[in-house]
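Worksheet: the structure to be examined is printed underneath.
Coordinate-derived values only; no laboratory data. Since the structure is predicted, the reported quantities are computational estimates derived from the model, not experimental observations. Glycine gets a Cβ as well: all are built from the backbone with ideal geometry, and neighbour counts include every protein chain shown.
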Amino acid sequence: MVGCVGATEKFASFDDPAVVDRVLREYLRRSDHTAWSPYQFFSGGADLSDTEVSALKTALFVEDHLPAYVAEHLRFFGDHCASDARQTLDRKMLRFTFRWAAEEDRHSHVLEMYLLRSGRVKRKELEADLLRERRTTYRFPYRSAIETCVYLALQERATHLYYAAFARDVREPLLSSILHRMAADEASHAAFFYDLLLSPENDLDALAAVVRTVAREFKMPVQRNLLKYRAQIAALMRSAPSYRHADVFAHILRALDRSARTNGRGSLELLGAVSSR
């Protein structure tokens, strides 16, 4: 991966096409198995609080920020000056990127449809808000591939846990079903990075050190971009009181410990905690 100093020595899976192929195959298999369409959900109204409406709008802003996210993936994994071996690996990583982007766009699509059909927001106002957010820039906070992958693993795990908590805590059954679907997608995204990072080819002690460094400075995407970010985050937390942000970091540390004890064999089973409604 571009910019991954020392990958061959400590993180061999990042330089091994066979490992990337294996992890990618598992991700695409999950993606095909759990495919769903925003159009299978519909509603003429919804019993939502103002706080829940605000939380859904914030989630939509984050999911809809795809132009900036995809541009970063293309920049990171699209260096045409890289070696042939590096470009071969980057092509495989971009296969994940394009499927991931489609699934994140599915989340944006279904949230937008749900909010509009709920009657709680006006189309012109929502579209203006979305355009405002999409104009902001975004950059990966790290330049090395190992740090970037750890960051993305934490990010996807956080969204998985949040949507699962929101699905448990919300009273409206249709929204709960939508959030469960989204949580399953996010869990699968996290599993891709976990499986790549926790490959038995890698030095888990070195990985643990990177995880600790990234966790100390971790912030969610567009945290500095969203208008009135603190107020929006407050609405997110009030709408999903069972969510605990500390669980994000505790989970990856447990996964590291489990991987060390089993020599990296086996799946992390990130999807097990999510209902398949």
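Which residues, counting only those in the range 195-211, are among the aliphatic types (A, V, I, L, M) and either surrounded by 15 or more Cβ atoms within 10 Å (Cβ to Cβ) or touching a Leu at 6+ places or on another chain (Cβ under 6 Å) (or both)?
196, 197, 198, 204, 207, 208, 210, 211
What about residue 226, is it surrounded by fewer than 23 Cβ atoms within 10 Å (Cβ to Cβ) and not in a helix (DSSP H, G or I)?
So residue 226 fits the description; yes.
Scan the range 212-220 and tell me whether some residue there is surrounded by fewer than 21 Cβ atoms within 10 Å (Cβ to Cβ) and within 30 Å of residue 47 (Cα to Cα).
So far as the range 212-220 goes, yes, one or more of its residues are surrounded by fewer than 21 Cβ atoms within 10 Å (Cβ to Cβ) and within 30 Å of residue 47 (Cα to Cα).
Which of the residues spanning the range 90-115 are crowded, with 18+ Cβ neighbours inside 10 Å, over 25 Å from residue 18 (Cβ atoms) and not charged (D, E, K, R)?
107, 108, 110, 111, 114, 115 - these are the residues of the range 90-115 that are crowded, with 18+ Cβ neighbours inside 10 Å, over 25 Å from residue 18 (Cβ atoms) and not charged (D, E, K, R).
Is it the case that residue 166 is in a helix (DSSP H, G or I) and either in contact with a helix residue (DSSP H, G or I) (Cβ under 7 Å, 6 or more places away or on another chain) or surrounded by fewer than 19 Cβ atoms within 10 Å (Cβ to Cβ) (or both)?
yes
When you check residue 125 against the structure, is it in contact with a His (Cβ under 6 Å, 6 or more places away or on another chain) and more than 23 Å from residue 14 (Cβ to Cβ), yes or no?
Numbers: in contact with a His (Cβ under 6 Å, 6 or more places away or on another chain): no; more than 23 Å from residue 14 (Cβ to Cβ): yes.
No; evaluated as a whole, the condition is false for this residue.
For a quick check of your reading of the model, give me the residue pairs whose first member lies in the range 233-244 and is touching a residue at least 40 places away in the same chain (Cβ under 8 Å), whose second is among the aromatic types (Phe, Trp, Tyr) and not in a loop (DSSP other than H, G, I, E, B), with beta-carbon atoms closer than 7 Å and at least 6 apart or on different chains.
Partner pairs satisfying both residue conditions: 239/166; 240/162; 240/166; 243/162.
Can you tell me which residue within the range 137-151, out of those that are buried (at least 18 other Cβ atoms within 10 Å of the Cβ) and among the β-branched types (Val, Ile, Thr), is nearest to residue 68 (Cα to Cα)?
Applying the filter and picking the extreme gives 148.
Pick from the range 71-89 the residues that are aliphatic (A, V, I, L, M) and either under 24 Å from the mean Cα position of the chain (by Cα) or assigned to a loop (DSSP other than H, G, I, E, B) (or both): which of them is surrounded by the most Cβ atoms within 10 Å (Cβ to Cβ)? Spell out the reasoning first.
Of the residues in the range 71-89, the ones aliphatic (A, V, I, L, M) are 71, 74, 82, 85, 89.
After this cut, where a residue has to be either under 24 Å from the mean Cα position of the chain (by Cα) or assigned to a loop (DSSP other than H, G, I, E, B) (or both) as well, the list is 71, 74, 82, 89.
Working: 71: 14, 74: 13, 82: 16, 89: 23.
Ranking the qualifying residues of the range 71-89, first place goes to 89.
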